[in-house]
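Below you'll find the structure, written out as structure tokens, and then a few comments.
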Amino acid sequence: MTTDIGSVELRQLETDDYDDLKSAMLAAYRDIENAYWRREQIEKLIEIFPEGQAVVQVDGQVAAVALSILVNEESFAEAHSYQDITANYSFETHNPDGDTLYGIDIFVKPEFRGLRLGRRLYDYRKELCENLNLKRIVFGGRLPNYHKYASEMSPREYIQKVRLREIYDPVLTFQLSNDFHVKTLLKDYLKGDESSQEYAALLQWDNIYYERPESQAQRPKTVVRLGLVQWQMRPYKSIDELYEQMEFFVDAVSGYRCDFALFPEFFNAPLMSEYNDLAESDAIRKLAEHTLPVRDRLAQMAISYNTNIITGSMPLLEDGALLNVGYVCKRDGGIERYEKLHVTPDEARVWGMRGGSTIRAFDTDCGRIGVLICYDVEFPELGRILADKGVNILFVPFLTDTQNGYSRVRNCARARAIENECYVAIAGSVGNLPKVHNMDIQFAQSVVFTPCDFAFPTNGVKAEATPNTEMILIADVDLDLLKELHRFGAVRNLNDRRKDVFELRLLNGQA
């Protein structure tokens, strides 16, 4: 095909295009006798589903055409032929309320091949599928090179070899490269298709943006605004002063219409200055007495300021065990708890703190989230478990005293975003507490990390705060970009795991 092209136009097919369409179709299907649509059939398709019929013109000539109808899943759930799905070419099977776009035909005139016009038409179909909120695109894909191998292998073996790029098939190879997958094998699909031995592969592309009609009014937000509180450690004369500072930040985050506010680990530690005359293990147990009141105050703020609050973490004395816990305080009034599973050697030695035993995901009005407290993010198994539970945003409240400790949290959080294809938000405290033993210095830089792919920042950093400065970091994250990444990313860490070689599972009856 010459590169001397003046114009390429994709538009809806019109009845006036019929003569050119017939000529292009006869040229495209030279191996099938009398393979062309009659005028009344094209007119019928345009009448019942005009947006499903598309044409690409190159310099005014019909170069490629795509024809489609709408059907429901039961129409193709079982083995069927081309005549079945088209009702003997009458298209009476078209259902205006159908949930599936069924591809009736797509062809490119030989002299225009090599211009990727077929890809344009498939991109049009995919966009149409999304705009109409359809579940999927399906069609029976011919196997035009199968006749060359029919004496050597079954059609299933042939399809597998095409998948593995051991055999080239002009139709199936193209479809697989356009994100379609083989659903099943169809026998006696298209009469007269000798090249395919009348076999076809039922190919399917799933619309990851499909929403059930009954749930559209309550569809979770796709663009979520995060507010990360980089908290300044400072002494407080009373718990009321702490509440005042908490409310200041929640008010500020709410003013920016954030969906989440994230506080750091042990942000209420300044209250321990009152108990500095006690041993460290006794002082933190006195601090634990404030945990539930602080939680309840934040839960009230979540409702009154209309933002979900991740409370960082606080010590909690439960059945004699000292735990490090936090709460998801939802703006609808719900409260759910998360626990730090891995306490640091210092937390165990100085405070006598124990690790929790539960890891879970939380459903919110902005999708499913998870929380890992500080050291926990350095254990990749936990992030992967949460990813398997469908978490899109992972929150990591942390507290680190040195740059070494901070670097461990930062680099591990960044890795969790890449390997689990999710957003990771980390928030820590800054400043000094000279009157609180074992909590005297802090180092932090709060960050929102992303996966590293074309739709995201190249370095995987969506936004980051100024190091060691009290501030709020605001960032918007798009959950739809994660859906695209899961299916169409340059690499797909979640989908490509070798589950035939290794597995990850929870113990003690946890689901």
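In table form, for the structure just shown:
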read-out: Some residue of region 329-340 being touching a Lys or Arg at 6+ places or on another chain (Cβ under 7 Å) and assigned to a loop (DSSP other than H, G, I, E, B); value: no
read-out: Selected residue [at pLDDT 95 or above, out of contact with any Cys (no Cβ under 6 Å at 6 or more places or on another chain) and not acidic (D, E)] from A463, A490; value: A463
read-out: Matching residues in region 391-430 - criterion: being of a type outside the set (V, I, T) and either at pLDDT below 95 or out of contact with any strand residue (DSSP E or B) (no Cβ under 8 Å at 6 or more places or on another chain) (or both); value: D401, Q403, N404, G405, Y406, S407, R408, N411, C412, A415, E419, E421
read-out: Test set (1) at pLDDT 95 or above; (2) surrounded by fewer than 20 Cβ atoms within 10 Å (Cβ to Cβ); (3) within 30 Å of A463 (Cβ to Cβ); (4) of a type in the set (A, V, I, L, M) - L226 fails condition number; value: (2)
read-out: Residue match in region 214-229 (condition: touching a helix residue (DSSP H, G or I) at 6+ places or on another chain (Cβ under 6 Å) and hydrophobic (A, V, I, L, M, F, W, C)); value: yes
read-out: Unmet criterion (only one of (1) aromatic (F, W, Y); (2) closer than 23 Å to E484 by Cα; (3) in a strand (DSSP E or B)) for Y122; value: (3)
read-out: Single residue of Q53, Q61 found to be at pLDDT 95 or above, assigned by TED's automatic domain parsing to the domain that holds L121, among the polar types (S, T, N, Q) and within 41 Å of the chain's Cα centre (by Cα); value: Q53
read-out: Lone qualifier among G326, G312 - being crowded, with 18+ Cβ neighbours inside 10 Å and at positive phi; value: G312
read-out: Residues satisfying the stated conditions in region 291-322, i.e. assigned to a helix (DSSP H, G or I) and of a type in the set (S, T, Y); value: T291, S304
read-out: Subset of region 46-96 that is of a type in the set (D, E) and either part of a loop (DSSP other than H, G, I, E, B) or without any contact (Cβ under 8 Å) to a residue 60 or more places away in the chain (or both) - its residue that is farthest from N133 (Cα to Cα); value: D59
read-out: Residue ID - nearest to V8 (Cα to Cα), chosen from residues in region 108-119 that are part of a loop (DSSP other than H, G, I, E, B) and touching a residue at least 12 places away in the same chain (Cβ under 8 Å); value: L115
read-out: Residues being surrounded by fewer than 20 Cβ atoms within 10 Å (Cβ to Cβ) and part of a loop (DSSP other than H, G, I, E, B) - total across region 229-268; value: 7
read-out: Any hit, region 403-419, residues being of a type in the set (D, E, K, R) and either part of a loop (DSSP other than H, G, I, E, B) or outside the structural domain of N276 (by TED's automatic domain parsing) (or both); value: no
read-out: So H437, is it farther than 26 Å from G367 by Cβ and either outside the structural domain of S177 (by TED's automatic domain parsing) or of a type outside the set (S, T, N, Q) (or both); value: yes
read-out: Yes/no for T458 being loosely packed, with under 14 Cβ neighbours inside 10 Å, part of a loop (DSSP other than H, G, I, E, B) and in contact with a strand residue (DSSP E or B) (Cβ under 8 Å, 6 or more places away or on another chain); value: no
read-out: Residue within region 1-23 that is outside the structural domain of A66 (by TED's automatic domain parsing), in contact with a Lys or Arg (Cβ under 9 Å, 6 or more places away or on another chain) and assigned to a loop (DSSP other than H, G, I, E, B) present; value: yes
read-out: Residue within region 276-285 that is of a type outside the set (S, T, Y), buried (at least 21 other Cβ atoms within 10 Å of the Cβ) and either in contact with a Pro (Cβ under 8 Å, 6 or more places away or on another chain) or under 21 Å from T358 (Cα atoms) (or both) present; value: yes
read-out: Matching option when the condition is surrounded by 23 or more Cβ atoms within 10 Å (Cβ to Cβ) and of a type in the set (S, T, N, Q), among T344, T307, T358; value: T307
read-out: Number of positions in region 117-146 that are loosely packed, with under 15 Cβ neighbours inside 10 Å and over 22 Å from the mean Cα position of the chain (by Cα); value: 1
read-out: Conditions (1) among the small types (G, A, S); (2) closer than 23 Å to T184 by Cβ; (3) surrounded by 13 or more Cβ atoms within 10 Å (Cβ to Cβ); number of the one not met by A77; value: (3)
read-out: Restricting region 30-45 to residues that are charged (D, E, K, R) and in a helix (DSSP H, G or I), the residue that is surrounded by the most Cβ atoms within 10 Å (Cβ to Cβ); value: K44
read-out: Qualifying residue in region 296-315 (condition: under 22 Å from the mean Cα position of the chain (by Cα), β-branched (V, I, T) and not assigned by TED's automatic domain parsing to the domain that holds L185); value: yes
read-out: Residues being crowded, with 22+ Cβ neighbours inside 10 Å and without any contact (Cβ under 8 Å) to a residue 60 or more places away in the chain - total across region 424-444; value: 1
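The values are calculated or read from the model by the stated rules, or taken from the named source; none is laboratory data. The structure displayed is predicted, hence computed values, not measured ones. Here Cβ is always computed from backbone atoms with ideal geometry, including for glycine, and neighbour counts include all displayed protein chains.
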